[in-house]
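Inspection log for the structure reproduced underneath, given as structure tokens.
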Amino acid sequence: MPEWKSTLCPYCGVGCGLLVRVERGAVTKVKGDPDHPANFGDICAKAVHLPPALRTSDRLVAPQIRWRRDGAHERVPWEVALRFTADRLRDILTAHGPDAIAVYASGQLTTEEYYVAGKLAKGFLGTNNFDTNSRLCMASAAAGYTRSLGADGPPSSYEDVDAAECLFLIGTNTADCHPIVFKRLRRRKLAAPDDVFVIVADPRWTETADLADLHLPLRPGSDIALLHGMLHVLWKDGLLDRAFIHARTSGWEDLERVIERYPPERAAELTGLSREIIVTAALRFGAARRALTLWSMGINQSHVGTDKNAALINLHLATGQIGRLGTGPFSLTGQPNAMGGRETGGLAHLLPGYRTIADPEARAVVERHWGLAPGSIAPRPGRSALEIFEGLARGDVRAVWIVCTNPAASMPETDLVEKALRQADVVIVQDAYHPTETTRFADVLLPAAQWPEKDGVMTSSERRLTYLPKLVDPPGEAWPDTRIFTRFAHEMGWKASFPYETTAEIFDEFATLTAGTPCDYSGVTHARLRAEGTLQWPVPAPDHPGTPRLYTDRRFHTTDARARFIAVEHDPPVEEPDDAYPLMLTTGRVRDHWHTLTRTGKVMPLTSRTPEPVLEVNTRDARRRAIQDGDFAEVASRRGKVVAQCRVTDTIREGVCFLPFHWGRSFGFYKSANNLTLSARDPLSAQPELKVCAVRVRRLTEVTR
């Protein structure tokens, strides 16, 4: 008889519960789990069509080695692949030291996989060059929360959507990128249309904007000016929570001097919006008893992404809209376990439990937990994602181990990434699929199990931990990532420190290390999650029920328990339009696809709906270039070109065009949006400015496809 089993969706950070039907050892159907509090049975099309993405012809089913760069990949036993990898990394350690090795991983790993990989890299290989693709999506939010509130971690829950009176969405196309959250938003609005006011700030009119009572089509990169302009209005109109500011925050005086320079007239000039619409947005936000802000990559993917997060959190602190039902600054995570990665120390400056590498006491705690001699963990933060590939291109980094991600498609400046992979002494790629844009550069290919061929825990955007059981066996010789890392550690001679037989053992070791930290879930075990269901951290004891909302006591994770106002200034995009490149390009997701198409690109119902990248161009911009709807156009930046069919529309701001980023060069060299993007990045979060660059667009009269 078919069995239906509970698990978690492996796509975005909403963390939807799924029910999966398993027949004869294969997943045959997926539906929503009505008992899971993230989605109550709702799921999106990507989750419905998971079964055909699992057993595809391009699954990597055995280890392979390319003995020479001009040779073909050859199948080898696991023992040979691990010995070869260990020998190559030992040689590099001996000749160049640990800083010549880097690991680049993924927000799609389970918490246990993240933890073991970080322990292996930072504790035993001795390199802090361990970063993940979360650097491309959530690093600015993590840095923003830490700078303003004293620690990372979204303070709100999805249930706050159901209670908010003002919903402010900025830098997020929630309908496409987090569709189940959007359904919840829509239900909230439809249930109380006169009591709930929705504001959407986005240069495009999307399905998300269609829900809005007020749409703010701001100029890309002008978010700080908008937020400061709104705060200026509330300040002048006496709509701030002065008692909260006085008792629970610091830094208001410095911020006040800044926002004085952002009256709505100046904010209108910088954003391209009208003064009246900014004032209306401010007054609606300020008059609400409960205001909730949601944001995602449109805020984070910026050279001032951390400052944008600060300006957004400032708005909540100044109005006391935090720590209460229906309130809070709530970042929506891009990947299923990007939050878990932050908790385990899955960025180059972090250690487990939101500890920082630069903190000597933090290093000492982790060294003792891992059984290392004092001073074993290097005191300097490692290279962030882009710095890893820049180091490979220069020769400072000699080896890279890439796990469950496809940087040759997802990184900005694809030419730089490809050069880096060609320059490397050794490239190890651990993935479920081959070939991809990245695996074709691999010297070693390690076949990994994927969802639902392994077990572990993931944390969603609302800090909710869900256990994912193993439901089916992986194909061929593919192994779970924890087994790959553990067996490699044994090959390196570190078996005593990596004795794991089960993921539950790994989880317990990590959970113990979180005790007393802001993300404490020392009261959680696999057994408890299987028995009780999901839990939201902190969960500091076995009988603790979890924490739906942070900062309900109005005490923050700072030395004086006060939140910090951060005085930031508007800073325009690194590349602004000019005569040579007169348009602004913004990139993003489409609803039917995920990341670089390694899953969704193989599912006919999804690819048939969205088979190609389409360039959205404003009607007036198109008219100036003699472009009609359906024409093909060349999009060029200072770094490369893309050829795409055009959708001519009034739903995007004049002077702005949009291109989805999912297609890498393997689908056609000129289909990759990252041919165009630039690697400028935030100095605090090191997150790149993927959302804005300057381009020119011209109509093509002949297209060879």
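The values are calculated or read from the model by the stated rules, or taken from the named source; none is laboratory data. Here the structure is a predicted model, which means the values were calculated and not measured. Counting neighbours? That spans all protein chains shown, and the Cβs are built from the backbone with ideal geometry, glycine included.
Looking at segment 647-670, which of the residues that are farther than 19 Å from residue 223 by Cα and buried (at least 19 other Cβ atoms within 10 Å of the Cβ) is farthest from the chain's Cα centre (by Cα)?
648
I need every pair where a residue in segment 556-583 that is closer than 25 Å to residue 262 by Cβ and assigned by TED's automatic domain parsing to the domain that holds residue 155 has its Cβ under 7 Å from the Cβ of a residue that is at pLDDT below 95 and of a type outside the set (S, T, N, Q), sequence separation at least 6 or different chains.
Qualifying pairs under 7 Å: none.
Checking the structure you have, find out if any residue of segment 368-382 is within 29 Å of residue 65 (Cβ to Cβ), in the same structural domain as residue 90 (by TED's automatic domain parsing) and not in a helix (DSSP H, G or I).
Yes: segment 368-382 contains one or more residues that are within 29 Å of residue 65 (Cβ to Cβ), in the same structural domain as residue 90 (by TED's automatic domain parsing) and not in a helix (DSSP H, G or I).
Any residue at all in segment 521-542 that is surrounded by fewer than 21 Cβ atoms within 10 Å (Cβ to Cβ), free of Cβ contacts under 8 Å to residues at least 60 places away in the same chain, assigned to a loop (DSSP other than H, G, I, E, B) and among the aliphatic types (A, V, I, L, M)?
yes
Identify the residue in segment 330-367 that is assigned to a helix (DSSP H, G or I) and small (Gly, Ala, Ser) and, among all such residues, is farthest from the chain's Cα centre (by Cα).
Applying the filter and picking the extreme gives 364.
Sort out which residues of segment 76-86 are surrounded by fewer than 18 Cβ atoms within 10 Å (Cβ to Cβ) and in contact with an Asp or Glu (Cβ under 9 Å, 6 or more places away or on another chain), and write them in order of number.
Listed by number, the residues that qualify are 77, 78, 79, 83, 86.
Are any residues in segment 552-567 crowded, with 21+ Cβ neighbours inside 10 Å and either part of a loop (DSSP other than H, G, I, E, B) or at pLDDT below 95 (or both), and if so, which ones?
556, 565
Residue 388: under 18 Å from residue 341 (Cβ atoms), in the same structural domain as residue 106 (by TED's automatic domain parsing), of a type outside the set (Asp, Glu) and out of contact with any Lys or Arg (no Cβ under 7 Å at 6 or more places or on another chain), yes or no?
yes
Which of the following residues is in contact with a helix residue (DSSP H, G or I) (Cβ under 6 Å, 6 or more places away or on another chain), under 26 Å from residue 142 (Cα atoms) and of a type in the set (Lys, Arg): 380, 363, 398, 355?
355
Which residues, counting only those in segment 144-173, are in a loop (DSSP other than H, G, I, E, B), among the polar types (S, T, N, Q) and within 22 Å of residue 224 (Cβ to Cβ)?
Those that are in a loop (DSSP other than H, G, I, E, B), among the polar types (S, T, N, Q) and within 22 Å of residue 224 (Cβ to Cβ): 156, 172, 173.
Looking at (1) without any contact (Cβ under 8 Å) to a residue 60 or more places away in the chain; (2) crowded, with 24+ Cβ neighbours inside 10 Å; (3) assigned by TED's automatic domain parsing to the domain that holds residue 158, can you tell me which one residue 263 breaks?
Answer for residue 263: the failing condition is (2).
Rundown of residues vs (1) in the same structural domain as residue 154 (by TED's automatic domain parsing); (2) in contact with a Gly (Cβ under 9 Å, 6 or more places away or on another chain); (3) closer than 22 Å to residue 336 by Cβ, yes/no style:
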| position | (1), (2), (3) |
| --- | --- |
| 445 | no, no, no |
| 448 | no, no, yes |
| 454 | no, no, yes |
| 516 | no, yes, no |
| 520 | no, yes, yes |
| 524 | no, yes, yes |
| 528 | no, no, yes |
| 538 | no, yes, yes |
| 554 | no, yes, no |
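How many of the residues in segment 279-313 are without any contact (Cβ under 8 Å) to a residue 60 or more places away in the chain and out of contact with any Leu (no Cβ under 8 Å at 6 or more places or on another chain)?
Residues that pass the stated criteria total 1.
Just to be sure, is residue 7 exposed (fewer than 15 other Cβ atoms within 10 Å of the Cβ) and either more than 18 Å from residue 434 (Cβ to Cβ) or in contact with a Gly (Cβ under 6 Å, 6 or more places away or on another chain) (or both)?
no
So residue 599 ticks every box in (1) surrounded by 19 or more Cβ atoms within 10 Å (Cβ to Cβ); (2) closer than 30 Å to residue 273 by Cα but one. Which box is left unticked?
Only one criterion is unmet by residue 599, namely (2).
Would you please name the residue that is farthest from residue 486 (Cα to Cα), looking only at residues in segment 419-459 that are in contact with a strand residue (DSSP E or B) (Cβ under 7 Å, 6 or more places away or on another chain) and among the small types (Gly, Ala, Ser)?
The residue in question is 424.
Give me the strands (runs of 3 or more DSSP E) completely within segment 609-667, filtered to those with at least 2 residues that are of a type in the set (D, E, K, R), ordered by residue number.
Because the criterion is at least 2 residues that are of a type in the set (D, E, K, R), the strands (runs of 3 or more DSSP E) in segment 609-667 that meet it are 641-649.
Let me confirm something: among 440, 422, which residue is closer than 23 Å to residue 475 by Cβ, outside any loop (DSSP other than H, G, I, E, B) and of a type in the set (Lys, Arg)?
440
For residues that are in contact with a helix residue (DSSP H, G or I) (Cβ under 8 Å, 6 or more places away or on another chain) and within 20 Å of residue 349 (Cβ to Cβ), scanning just segment 671-682, find the one that is surrounded by the most Cβ atoms within 10 Å (Cβ to Cβ).
Per the stated criteria, the residue is 681.
Count, please, the residues in segment 1-55 that happen to be part of a loop (DSSP other than H, G, I, E, B) and either modelled with pLDDT of 95 or more or within 26 Å of residue 342 (Cβ to Cβ) (or both).
22
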